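Student: Questions regarding the structure given below will be posed in turn.
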Amino acid sequence: MTLWVVQRATAAVLAVAVVVHLATILVAVRGGLSAAEIIGRLGGSEAWLAFYATFALAAGLHGAIGLRAIAAEWLGWRGRGFDLAWVAIGLATAAFGIRAAIGLYAA
Amino acid sequence: MIEVQVWRGDASGGGLARYAVPARANQTVLDVVTHIQREIEPDLAYRFACRVGMCGSCAMVVNGRARWTCRTHVSKVAQDGKLELRPLSNLPVIRDLATDMAPFFDRWARARGQFQPKDSADGAVPDEFAVVPPASAKRQAADAGIECIGCGVCHASCDIVAWNPDYLGPAALNRAWTLVNDVRDGARRERLDAVAGDAGCHACHSTQSCTERCPKGIDPSGAIAGLKRTLFWRVFGLDR
Amino acid sequence: MRAPDPRPRSHPAYLAFLVHRLSGLLLALFLPLHFWALSHAIRGEAALEGFLRWTDHPLLKAAETALVVLLAAHLAGGLRVLALEFLGWRAQQKTLVAASAGVALGAGLLFLLNAG
């Protein structure tokens with residue numbers, strides 16, 4: 001129940017974030033992707049950092065909870081131990097993403 | 001002639017047996033099964049009672065899909081004059097086409113599928129009739145699911161039931177949603193607790209096979225969504 | 001696992017579920033890879049630029065297009081699920097399935113047009 005609520009809450013965040021992300025991708029890839037262009041957009045911008053940190057947190061948790069359902073149904077991985085492992089994987093993925101976002105902010 | 005393959009066996013296993021049944025006008029799949037038992041194979045096990053779509057006992061898997069055999073014309077489902085009949089999926093087989101429905105109805109009990117009168121917890125007859133306007137939103141929601149006769153077609157069609165052995169399944173959850181919307185019922189909170197979680201409505205992924213296959217046109221998938229919605233807002237103290 | 005019988009599963013909402021699940025699975029597996037790629041920036045612009053030039057390979061461009069389509073499909077399919085669960089949109093489900101497919105294809109096409 002708690003994980004389901006988290007899954008839907010992150011889904012709502014991602015619904016907005018992914019639209020922004022897709023739009024950014026479509027604009028950014030015009031004429032090729034370059035590091036200078038990406039860093040020019042994100043470097044030093046607190047607004048983008050906050051956006052990507054939130055985005056990474058929601059995506060990390062959302063992905064892990066989704067994988068948990070697939071593993072439970074298709075591999076039979078059930079139980080509290082697995083649940084805790086999935087939450088840990090979700091948070092670790094999110095932390096990894098936030099680290100990258102900070103890297104882009106500082107670059 | 002219709003070429004009919006029938007799954008024969010028991011809990012330990014089995015396989016398809018082949019029979020030839022004369023084709024007749026307006027023949028139902030149940031007619032075909034009855035012909036096999038009466039004329040060819042007297043020990044074929046299957047279940048039926050009313051033959052008119054009221055009792056819900058004759059459901060089987062016909063050419064891959066769970067259906068009421070009594071209300072399914074052969075002409076509608078035969079492929080190249082062939083039928084393949086199996087017992088309902090997701091339930092233990094007793095023998096041949098007869099499945100054990102006990103695990104199915106056990107789930108109804110676990111989902112608190114019994115009406116618990118608010119006015120008389122002890123079962124006594126209340127002094128007054130409850131007045132429930134038929135056009136009220138809650139009554140309409142209850143009416144949407146109340147015609148379920150427990151045939152098990154939705155249960156047999158649901159992949160989540162197959163993948164998650166604890167899952168209550170579409171029929172039990174549809175029943176729970178019907179009672180959650182019944183303003184005369186007094187066990188709303190306990191019932192919502194019983195249907196929450198990974199064994200309950202939150203296991204559903206809205207594949208909607210239940211809704212797609214229900215012979216009564218009921219929408220268990222929508223009912224389960226209703227339970228999720230109600231439980232979600234309850235987290236924030238909003239009971240609607 | 002035995003191969004599933006397609007006959008009981010041949011309806012739009014089931015197909016939408018499968019697309020949602022498989023796209024979600026692939027996106028979840030891709031996510032750490034994506035973060036790893038971006039983390040090149042920690043070692044400076046040149047490191048990131050080096051990685052990006054490596055992704056100019058046509059095979060990786062094709063994979064990127066596929067990922068954009070998967071993301072759009074998962075987004076649109078997810079909005080469909082939210083509409084079903086929170087708004088109770090039941091009657092329009094088939095329309096929403098079709099609309100989801102349209103959004104996914106549209107996003108893929110735009111990506112290809114822009115990246116080309």
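The values are calculated or read from the model by the stated rules, or taken from the named source; none is laboratory data. Everything quoted here is computed from the prediction, not taken from an experiment. We place every Cβ from the backbone using ideal geometry, glycine too, and count neighbours over all the protein chains shown.
Student: Would you kindly identify the helices (runs of 4 or more DSSP H) lying entirely within segment C:1-107 that contain at least 3 residues that are under 30 Å from B:G222 (Cβ atoms)?
Tutor: C:12-38, C:58-86
Student: Looking at segment C:25-32, can you tell me whether even one residue there is surrounded by 18 or more Cβ atoms within 10 Å (Cβ to Cβ), within 14 Å of chain B (Cβ to nearest Cβ), small (G, A, S) and within 22 Å of the chain's Cα centre (by Cα)?
Tutor: no
Student: Checking the conditions here, which among B:L173, B:L227, B:L238, B:L231 is within 14 Å of chain C (Cβ to nearest Cβ) and either surrounded by fewer than 20 Cβ atoms within 10 Å (Cβ to Cβ) or assigned to a loop (DSSP other than H, G, I, E, B) (or both)?
Tutor: Answer to the check: B:L238.
Student: I've got another one for you. Of all residues in segment B:137-156 being of a type in the set (A, V, I, L, M) and surrounded by 12 or more Cβ atoms within 10 Å (Cβ to Cβ), which is nearest to the chain's Cα centre (by Cα)?
Tutor: In this case the residue turns out to be B:V153.
Student: Being within 7 Å of another protein chain (Cβ to nearest Cβ), in contact with a Lys or Arg (Cβ under 6 Å, 6 or more places away or on another chain) and either among the hydrophobic types (A, V, I, L, M, F, W, C) or buried (at least 19 other Cβ atoms within 10 Å of the Cβ) (or both), is that true of even one residue in segment C:74-85?
Tutor: There is at least one residue in segment C:74-85 that is within 7 Å of another protein chain (Cβ to nearest Cβ), in contact with a Lys or Arg (Cβ under 6 Å, 6 or more places away or on another chain) and either among the hydrophobic types (A, V, I, L, M, F, W, C) or buried (at least 19 other Cβ atoms within 10 Å of the Cβ) (or both).
Student: So is A:L26 modelled with pLDDT under 95 and either in contact with a strand residue (DSSP E or B) (Cβ under 7 Å, 6 or more places away or on another chain) or of a type outside the set (G, A, S) (or both) or not?
Tutor: yes
Student: Of all helices (runs of 4 or more DSSP H) completely enclosed by chain A, which ones contain at least 1 residues that are more than 10 Å from chain C (Cβ to nearest Cβ), without any contact (Cβ under 8 Å) to a residue 40 or more places away in the chain and not basic (K, R)?
Tutor: A:2-28, A:46-74, A:80-106
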